[in-house]
1. Identify all lysines with a Cα-Cα distance to LYS15 below 17 Å; exclude those on the same chain that are fewer than 8 residues away in sequence.
2. What are the ³J(HN,Hα) values, in whole Hz, obtained from phi via the Karplus relation 6.51 cos²θ - 1.76 cosθ + 1.60 with θ = phi - 60°, for each residue of region 77-84 in sequence order, with x given for Gly and Pro?
3. Using a 7 Å offset from the Cα along the Cα-to-Cβ direction at both GLN78 and ILE125, what is the distance between the two label points in nm, to one decimal?
4. Can you list residues from other chains, or at least 5 along the same chain, whose modelled amide H is less than 5 Å from the amide H of SER29?
5. Given H placed on each backbone N at 1.01 Å, which residues far from LEU67 in sequence or on other chains put an amide H within less than 5 Å of it?
6. What nm distance separates the two modelled labels at ASP59 and ASN27, each placed 7 Å from Cα along Cα→Cβ?
Amino acid sequence: KNIILPLEGDLPVNKIRVAVYLAKQFNSSIHLLSLESINGRDDLSGMKKAFRVLKENTDVPLVCTTLTGHSLSRSSFQYAQTIPSGLIVLSPGAETLLPGSMSNLFKRFTQSVLRTGDRGKVPVITI
């Protein structure tokens with residue numbers, strides 16, 4: 001099965017490390033996901049950074065996909081339903097510690113993903 005890794009602008013090192021470990025243990029590929037545009041601007045930097053780091057340091061099969069929509073969480077779940085998905089990896093612990101409005105943004109993203117239980121045939125792990 002595939003491991004889904006939704007990414008925004010940053011490079012979530014712990015989330016990537018866990019995804020790589022699990023991909024190697026279960027002979028899985030990692031699907032890096034990002035929205036085509038976030039708030040009207042193209043923001044694929046997180047996915048590009050993660051792809052570069054993973055390609056240079058692992059032999060795990062990678063798939064990069066840009067999604068449409070306004071919600072990375074909703075689009076990620078929809079994508080996960082179209083392929084044999086085994087897991088979605090999130091990292092709300094570290095992200096929710098960010099100060100100010102960034103903290104609220106990541107909390108809303110995580111809560112949005114976890115609230116989609118009716119779509120949630122794919123397990124979610126939070127790192």
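1. Those lysines meeting the cut-off are LYS24, LYS48, LYS49, LYS55, LYS107.
2. Calculated HN-Hα couplings, in order: 5, 4, 4, 4, 7, 8, 10, x Hz.
3. 2.7 nm
4. For SER29, whose amide H was placed from the backbone, the distant partners under 5 Å are ILE3.
5. Residues meeting the criterion, in which the H sits 1.01 Å from N, are SER34, LEU35, GLU36.
6. It works out to 1.4 nm between the two label points.
Since every read-out is calculated from the coordinates, none of them should be taken as a lab result. The model shown is predicted, which means the values in this text are computed figures rather than measured ones. Glycine gets a Cβ as well: all are built from the backbone with ideal geometry, and neighbour counts include every protein chain shown.
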